[in-house]
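Asks: Okay, handing you the structure first.
The values are calculated or read from the model by the stated rules, or taken from the named source; none is laboratory data. Note that the structure is a prediction, hence the values are computed from the model and not measured. Cβ placement follows ideal geometry from the backbone for every residue including glycine, while neighbour counts extend to all protein chains displayed. The accessibility values were calculated without ligands, DNA or RNA, using every heavy atom of the protein model including side chains. Shrake-Rupley method; radii C 1.70, N 1.55, O 1.52, S 1.80 Å.
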Amino acid sequence: MGKSRNKKYKSSRPRPTGLPSVAEALREGGAAGNGAGELPALAIVEKLQSASAEERECACTTLAGLVLQETGLTALLDSRLVRTLGPLLLDPSQAVREGAAGVFRNMTVGGGHDLCDHMVEEDVMTPLVALLKQVTGQLTASQPMDMQAGARHAGGESADRDPVWRILYQAVHLLWNLCESTSTAVCIFNKESLLPTLLLCLRQHDRNLPLAMVGAQCLQTVTEDNAEVLQQFSADTLKLLEGLLMGEGGDSVDSLLLRTTVAGCIFNLKALIPAGSQSEALQAVVRVLARTLEHDIAMAITSLRGMLGEQQTNNNGGAEQMNGETAGPGRPETPEQHQLPQATRAQLDQVMALLSAQQTALEIIANMCLPDGRTGPLDSGGGQGSNMCLPDDDSDEEWEDMDSSDTSDEVTMCDVAEEGGTPLMTPLCLSAETHAALISHSLPRKVLDRTVLPEGCDSLASSPHGQPVIKRLLTVQRRALLCLRNMLAVLDGEGMDAAGLVEVGNHLMGLFSVSDDQEFQEAVTGAVRSLLQRMAAVQVTQPLTGEQLRVLCDLGRQSSCPSVRANVVNAAGSMGSVLAKQPDSAEKLMLIGTFLTEVAGKDVVLWVVAEALDAIFDVFGDGPQVDAVAGNIGLVAKLRQISPLFKSRVHKERRSLGEHFPVVDNARVNLNRFIKYKEGC
């Protein structure tokens with residue numbers, strides 16, 4: 001008979017504060033169920049109001065981990081945590097203030113944009129603004145002493161040891177996350193004139209680089225499309241930014257991220273730069289962005305992969321799953337990171353910092369390439385924006401079919417093109433200085449290189465510490481595709497001739513099978529859409545092969561994302577407009593015509609239907625070849641079936657179309673005119 005071993009019981013450790021650990025709180029909450037799981041969280045929140053500073057500090061420490069867990073965060077929000085924790089940002093104890101700021105910062109990470117909106121609605125900005133002003137005043141008054149300490153402790157050690165500097169770091173990080181998520185926080189930033197706080201952070205770059213980094217990142221966020229804050233800048237402030245951009249920080253990743261972020265700030269502030277200096281400033285910005293993109297991420301990934309593989313072997317897979325990304329811009333450090341050796345943790349931080357720098361660089365370049373010179377978020381394509389007012393409900397006569405007019409038979413396709421056609425963007429949309437700077441530093445090629453993931457990076461997914469790296473790599477890839485889309489629309493020169501465009505097309509079509517992620521598909525189809533529009537403008541005779549066209553159309557049929565379908569429709573329309581003028585292209589035109597009529601007749605989103613109809617008008621407007629193809633696929637008969645249903649849907653949905661109203665209205669106006677024109681051919 002086998003021997004039985006007596007079970008060993010662990011004695012519980014004494015807890016001076018009486019608070020459970022994060023793991024215990026989550027375990028108790030999950031075991032209780034049916035709402036009883038809120039009890040541990042409520043007990044912790046009650047400790048925030050304890051008379052003991054030590055208990056308040058310990059409660060903040062527990063909450064900092066708990067808010068990164070979805071179940072814990074939900075229970076805490078139900079307990080009105082924001083209102084309870086907010087006053088602790090001004091607690092007499094510095095440790096409590098730092099802990100409270102850390103909890104709020106983690107909440108912005110764990111809860112995303114919706115939670116940030118909730119926090120602002122719960123008035124977290126009032127104590128945060130008071131804390132920032134208080135700390136800024138203290139540090140500004142003691143600046144001479146800090147300068148001496150900084151000389152003795154290179155690398156920011158003195159600032160790290162001073163709790164006031166640590167409080168400032170957490171508070172500015174929180175401010176940055178809130179301003180990124182809600183415009184209300186940016187408005188409060190303007191009203192309270194918090195710019196001096198960010199400038200104080202930037203001035204610590206030689207002693208406390210992390211603080212300078214988060215200050216620059218917050219500054220880049222609040223200066224984007226914010227004319228009000230520009231009035232607070234002085235010539236000395238611009239000189240400070242110029243010095244950081246041109247500073248001799250070597251090629252260290254941290255310094256590279258700081259300079260890249262400052263480049264974004266300067267681009268946002270370009271309206272303040274004297275006209276005589278703008279060209280020089282632009283060249284300096286683009287030079288920094290080019291250096292950031294050409295940094296060898298593959299070598300850094302290879303080194304990290306080896307370290308993590310060795311660590312995973314040593315731990316025998318015992319590390320727990322990480323929640324969220326690794327420490328970095330906007331990301332708190334997770335407890336699991338402390339399990340890593342110092343060298344591995346440093347390499348992980350370096351990789352994440354480099355990826356953050358490259359993501360920032362790509363976003364800046366994409367904004368540079370917006371044709372009207374605006375800065376703003378990257379557009380995903382699909383539809384046209386407009387402030388056009390919709391007709392009133394009783395204005396039905398404005399929505400009557402065009403065939404009610406006796407003169408409709410005299411309509412020509414020139415009339416349809418003039419009313420419904422959208423001219424292609426030209427390279428002349430960019431200023432000569434911007435165009436020259438981007439081309440001289442080979443930015444199109446550098447951006448294209450970032451659309452490919454480094455070899456072997458998939459193996460990082462086997463490590464819980466490598467998964468955030470994979471996530472950030474995918475984000476960089478998507479940003480590169482969106483950036484490439486903008487560049488294709490407005491750049492000319494190197495790599496933008498017919499042969500170069502075909503090479504880019506082959507590269508992009510090779511990415512279609514890489515991922516079925518919706519955001520990735522939206523980015524890659526947006527780039528293909530812009531590419532085929534550019535090919536149509538320069539008359540590339542064979543934009544895609546037959547097999548590539550089939551792959552593109554299949555994605556348009558299968559995708560559940562309206563923007564992806566709209567991108568494919570526009571890409572197919574651009575290709576069809578080129579093929580319509582080419583001999584022996586009937587087979588490809590039939591593929592395009594069949595696909596477009598399927599979308600026009602079956603798509604559940606009205607503005608996607610309108611995009612398909614506009615593409616049909618462009619492709620099958622005129623010519624003996626397109627007339628023959630239209631007859632083979634029964635185009636006119638299908639459009640006659642589509643017309644009454646489309647008109648009915650427009651009448652019902654016109655008030656909910658928003659920015660897509662123009663493209664739907666164009667299709668409505670031109671559909672019956674197109675049918676009558678083709679029947680008269």
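Asks: When you check Gly247 against the structure, is it touching a residue at least 40 places away in the same chain (Cβ under 8 Å), open to solvent by 10 Å² or more (accessible area, probe 1.4 Å) and over 25 Å from the mean Cα position of the chain (by Cα), yes or no?
Replies: Here the answer is yes, as Gly247 does meet what is asked.
Asks: Determine which single condition Ala461 fails, assuming it passes every other condition in (1) of a type outside the set (Lys, Arg); (2) without any contact (Cβ under 8 Å) to a residue 12 or more places away in the chain; (3) more than 30 Å from Gln347 (Cβ to Cβ).
Replies: (3)
Asks: For the list (1) modelled with pLDDT of 90 or more; (2) within 21 Å of Ala572 (Cα to Cα); (3) of a type outside the set (Phe, Trp, Tyr), I need the number of the one condition that Arg649 fails.
Replies: It fails just one condition, (2).
Asks: Then there's this: Before we move on, is Gly500 crowded, with 24+ Cβ neighbours inside 10 Å, of a type outside the set (A, V, I, L, M) and part of a helix (DSSP H, G or I)?
Replies: In short, no.
Asks: With respect to Thr223, determine if the residue is closer than 24 Å to Ile188 by Cα, modelled with pLDDT under 95 and of a type in the set (S, T, N, Q).
Replies: No.
Asks: Looking at Ile675, is it aliphatic (A, V, I, L, M) and either within 21 Å of Arg557 (Cβ to Cβ) or in contact with a strand residue (DSSP E or B) (Cβ under 7 Å, 6 or more places away or on another chain) (or both)? Don't jump to the end; show me each part of the working.
Replies: Values: aliphatic (A, V, I, L, M): yes; either within 21 Å of Arg557 (Cβ to Cβ) or in contact with a strand residue (DSSP E or B) (Cβ under 7 Å, 6 or more places away or on another chain) (or both): no.
Against the criterion (aliphatic (A, V, I, L, M) and either within 21 Å of Arg557 (Cβ to Cβ) or in contact with a strand residue (DSSP E or B) (Cβ under 7 Å, 6 or more places away or on another chain) (or both)), Ile675 does not qualify.
Asks: Any residue in region 605-614 that is surrounded by fewer than 23 Cβ atoms within 10 Å (Cβ to Cβ) and within 19 Å of Met535 (Cβ to Cβ)?
Replies: No, every residue in region 605-614 fails to be surrounded by fewer than 23 Cβ atoms within 10 Å (Cβ to Cβ) and within 19 Å of Met535 (Cβ to Cβ).
Asks: Checking Pro87 against (1) crowded, with 21+ Cβ neighbours inside 10 Å; (2) at pLDDT 90 or above, which test does it fail?
Replies: That leaves (1) as the condition not met.
Asks: For Leu272, are the conditions met, namely being surrounded by fewer than 20 Cβ atoms within 10 Å (Cβ to Cβ) and touching a Leu at 6+ places or on another chain (Cβ under 7 Å)? Give the derivation first.
Replies: Details: surrounded by fewer than 20 Cβ atoms within 10 Å (Cβ to Cβ): yes; touching a Leu at 6+ places or on another chain (Cβ under 7 Å): yes.
In short, yes.
Asks: Another question about this same structure. Can you find, within region 20-60, the residue that is farthest from the chain's Cα centre (by Cα) among those that are open to solvent by 50 Å² or more (accessible area, probe 1.4 Å) and modelled with pLDDT of 90 or more?
Replies: The qualifying residue farthest from the chain's Cα centre (by Cα) is Ala51.
Asks: Right, another one. Identify, please: which residue in region 520-555 is assigned to a helix (DSSP H, G or I), surrounded by fewer than 17 Cβ atoms within 10 Å (Cβ to Cβ) and at pLDDT 90 or above and is, among those, farthest from the chain's Cα centre (by Cα)?
Replies: Per the stated criteria, the residue is Gly546.
Asks: Now a separate question. Of the residues in region 204-241, how many are crowded, with 17+ Cβ neighbours inside 10 Å and closer than 22 Å to Ile365 by Cβ?
Replies: So the count comes out to 13.
Asks: Restricting to region 184-203, name every residue that is open to solvent by 60 Å² or more (accessible area, probe 1.4 Å) and within 23 Å of the chain's Cα centre (by Cα).
Replies: Thr184, Cys187
Asks: Then there is this: In this structure, does Met509 turn out to be within 27 Å of Pro562 (Cβ to Cβ) and surrounded by fewer than 22 Cβ atoms within 10 Å (Cβ to Cβ)?
Replies: So Met509 fits the description; yes.
Asks: Can you spot a residue in region 484-492 that is in a helix (DSSP H, G or I), touching a Gly at 6+ places or on another chain (Cβ under 6 Å) and not hydrophobic (A, V, I, L, M, F, W, C)?
Replies: In the first step, residues of region 484-492 are kept if they are in a helix (DSSP H, G or I); the result is 484-490.
Retained after the next criterion (residues that are touching a Gly at 6+ places or on another chain (Cβ under 6 Å)): 485.
Of the ones still in play, those that are also not hydrophobic (A, V, I, L, M, F, W, C) are 485.
Checked region 484-492: at least one residue is in a helix (DSSP H, G or I), touching a Gly at 6+ places or on another chain (Cβ under 6 Å) and not hydrophobic (A, V, I, L, M, F, W, C).
Asks: When you go through Glu98, Glu57 one by one, which is the residue that is assigned to a helix (DSSP H, G or I) and in contact with a Gly (Cβ under 8 Å, 6 or more places away or on another chain)?
Replies: After ruling out the rest, the residue left standing is Glu57.
Asks: Could you please give the count of residues in region 135-159 that are within 33 Å of the chain's Cα centre (by Cα) and at pLDDT 55 or above?
Replies: 2
Asks: Follow-up. Within the bounds of region 617-633, is there any residue that is outside any helix (DSSP H, G or I), within 22 Å of Asn666 (Cα to Cα), open to solvent by 30 Å² or more (accessible area, probe 1.4 Å) and at pLDDT below 90?
Replies: Looking through region 617-633, at least one residue is outside any helix (DSSP H, G or I), within 22 Å of Asn666 (Cα to Cα), open to solvent by 30 Å² or more (accessible area, probe 1.4 Å) and at pLDDT below 90.
Asks: Given Glu659, Glu653, Glu679, which one is more than 12 Å from Ala600 (Cα to Cα), more than 34 Å from the chain's Cα centre (by Cα) and either open to solvent by 40 Å² or more (accessible area, probe 1.4 Å) or not acidic (Asp, Glu) (or both)?
Replies: On the way: Glu659 fails: more than 34 Å from the chain's Cα centre (by Cα); Glu653 fails: more than 34 Å from the chain's Cα centre (by Cα).
Result: Glu679 is the single residue among Glu659, Glu653, Glu679 that is more than 12 Å from Ala600 (Cα to Cα), more than 34 Å from the chain's Cα centre (by Cα) and either open to solvent by 40 Å² or more (accessible area, probe 1.4 Å) or not acidic (Asp, Glu) (or both).
Asks: Between a first residue in region 499-513 that is among the aromatic types (Phe, Trp, Tyr) and a second residue that is open to solvent by 30 Å² or more (accessible area, probe 1.4 Å), which pairs have beta carbons less than 7 Å apart while being 6 or more apart in sequence or on different chains?
Replies: Short answer, once both residue conditions are applied: Phe512/Val551.
Asks: Only one residue in Thr126, Thr74 is open to solvent by 30 Å² or more (accessible area, probe 1.4 Å), at pLDDT below 90, in a helix (DSSP H, G or I) and within 21 Å of Ser181 (Cα to Cα). Which one?
Replies: Thr74
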